[in-house]
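Taking it in order: structure first as structure tokens, then the write-up.
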Amino acid sequence: MGNEKAWFVRRLVLSVLFLVVVAMPLFPELFGLDELTPFTQVAAFRPQALVIVFVLALLMLVRRGWRIAAALIGVLALIGAAITAPRQFSSARPAPAGARVLTIMVANVFGGGARAADVAQLIRDEKPDLVSLPEARADVREQIRALLPDQQYKGYTDQTSSAAPSATSVLVAPALGDVAFASETGTTFGNIVVTGGNLGDIRLIAYHGYPPLPDAVTTWAHDLLKVREWCSQDPPTVIAGDYNATVDHADFRSALGGYCRSVGPSVGGGLQGTWPADQPAVLRTQIDHVVVTRQFEPGHFATYPIRGTDHRAVVATVALRP
């Protein structure tokens with residue numbers, strides 16, 4: 001009996017240790033590892049990892065000696081699924097009466113590799129008020145605009161270095177009037193703040209966050225601090241672009257704080273992955289977002305293929321409460 005108890009205790013201790021090992025890449029923020037490679041990169045694919053862990057738990061049930069560990073990681077996977085589920089099963093509320101509805105589009109053009117005709121056609125179909133074009137230099141922006149001669153979109157580009165990914169461009173619909181364009185310090189890549197015209201108090205921002213490369217996680221996290229600054233300010237704000245971050249990143253959630261929310265996860269589109277576009281849907285993750293402050297009610301959200309880029313385009317509607 002003594003040996004059996006000792007073996008049970010040993011299995012229990014080893015199972016708990018196994019649980020910790022599995023939990024670390026799934027929830028690195030619980031261990032202070034969320035800004036450490038490879039945990040930052042793995043966290044971007046947490047929904048897929050949860051499925052793998054749950055399947056592993058089922059397979060481990062075959063061996064009697066593994067069942068405690070299987071139960072522990074199975075519960076961990078179910079908890080993760082419960083946290084993730086609202087992204088898929090939330091739904092949009094109808095726009096309040098008298099609300100001003102804006103359509104926002106994001107299309108990372110992959111440094112000009114995206115087919116301009118595809119981007120232009122999506123603009124023609126969806127008629128967005130603002131198009132955020134990460135990685136679009138001025139010539140790429142103008143190539144797209146030239147395909148929309150009857151639309152009269154205004155364009156602006158902010159490029160912080162000679163590298164194409166540092167360029168961020170916007171196209172603004174003529175209905176917004178004589179808007180002003182500006183850029184602010186605090187991000188590695190270009191950002192564009194659109195104000196004035198017929199926007200009233202509304203502020204529209206095109207943003208491109210630095211990717212969490214193994215040697216650049218600190219830069220990635222620093223860029224997200226600018227998002228937090230924008231979100232915490234008073235004007236009704238829409239920040240659209242390639243964030244290179246998902247809602248499973250603690251830094252992204254911290255940037256949103258209690259001030260902002262991403263439209264996709266708020267309306268049941270949080271599992272519509274936008275990158276990498278050349279992979280099956282189950283292997284993609286959502287790093288392109290339309291983020292809004294609390295004055296806005298999130299509406300429709302959808303993603304679309306664009307040939308020549310590794311991102312799917314995003315189109316979302318948001319309604320400013322009267």
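What is the one condition in (1) open to solvent by less than 90 Å² (accessible area, probe 1.4 Å); (2) touching a residue at least 12 places away in the same chain (Cβ under 8 Å); (3) hydrophobic (A, V, I, L, M, F, W, C); (4) touching a helix residue (DSSP H, G or I) at 6+ places or on another chain (Cβ under 9 Å) that Leu58 does not satisfy? Condition not satisfied by Leu58: (1).
Considered as a group, the residues in segment 248-259 that are out of contact with any strand residue (DSSP E or B) (no Cβ under 7 Å at 6 or more places or on another chain) and surrounded by fewer than 23 Cβ atoms within 10 Å (Cβ to Cβ) include one that is nearest to Phe27 (Cα to Cα), and that residue is Ala250. Taken over segment 286-316, the criterion of being farther than 22 Å from Gly112 by Cα and either in a loop (DSSP other than H, G, I, E, B) or in contact with a Pro (Cβ under 8 Å, 6 or more places away or on another chain) (or both) is satisfied by Val292, Thr293, Arg294, Gln295, Phe296, Glu297, Ala316.
Can you find even one residue in segment 9-29 that is among the hydroxyl-bearing types (Ser, Thr, Tyr) and in a loop (DSSP other than H, G, I, E, B)? So far as segment 9-29 goes, no, none of its residues is among the hydroxyl-bearing types (Ser, Thr, Tyr) and in a loop (DSSP other than H, G, I, E, B). Only a single item in (1) closer than 20 Å to Val292 by Cβ; (2) in contact with a Leu (Cβ under 9 Å, 6 or more places away or on another chain); (3) in a loop (DSSP other than H, G, I, E, B) is not met by Gln151, and it is number (1). Counting only helices (runs of 4 or more DSSP H) that fall entirely inside segment 198-272 and contain at least 2 residues that are of a type in the set (D, E, K, R), the qualifying elements are 217-232, 250-256. Check whether at least one residue in segment 88-97 is assigned to a helix (DSSP H, G or I) and touching a Leu at 6+ places or on another chain (Cβ under 7 Å), and report yes or no. So far as segment 88-97 goes, yes, one or more of its residues are assigned to a helix (DSSP H, G or I) and touching a Leu at 6+ places or on another chain (Cβ under 7 Å). State whether the residues of segment 237-247 include one that is among the charged types (D, E, K, R) and either more than 13 Å from the chain's Cα centre (by Cα) or surrounded by fewer than 17 Cβ atoms within 10 Å (Cβ to Cβ) (or both). No, segment 237-247 contains no residue that is among the charged types (D, E, K, R) and either more than 13 Å from the chain's Cα centre (by Cα) or surrounded by fewer than 17 Cβ atoms within 10 Å (Cβ to Cβ) (or both). In segment 67-79, the condition of being touching a helix residue (DSSP H, G or I) at 6+ places or on another chain (Cβ under 8 Å), basic (Lys, Arg) and either open to solvent by less than 40 Å² (accessible area, probe 1.4 Å) or under 22 Å from Pro47 (Cβ atoms) (or both) is met by no residue.
Quick check on my filter: what residues within segment 43-55 are assigned to a helix (DSSP H, G or I) and open to solvent by less than 60 Å² (accessible area, probe 1.4 Å)?
Matches in segment 43-55: Ala43, Arg46, Pro47, Gln48, Ala49, Leu50, Val53.
Once segment 98-129 is narrowed to residues that are part of a loop (DSSP other than H, G, I, E, B) and more than 20 Å from Val263 (Cβ to Cβ), the residue that is modelled with the lowest pLDDT is Gly98. With respect to the conditions (1) free of Cβ contacts under 8 Å to residues at least 24 places away in the same chain; (2) assigned to a helix (DSSP H, G or I); (3) among the small types (Gly, Ala, Ser), Ala175 lacks only one, and its number is (1).
The values are calculated or read from the model by the stated rules, or taken from the named source; none is laboratory data. What you see is a predicted model; the values in this text were computed from it and never measured. Neighbour counts run over all protein chains shown; Cβ positions are idealised from the backbone, glycine included. When the accessible area is computed, the model is the full protein with side chains, heavy atoms only, and any ligands, DNA or RNA have been set aside. Shrake-Rupley method; radii C 1.70, N 1.55, O 1.52, S 1.80 Å.
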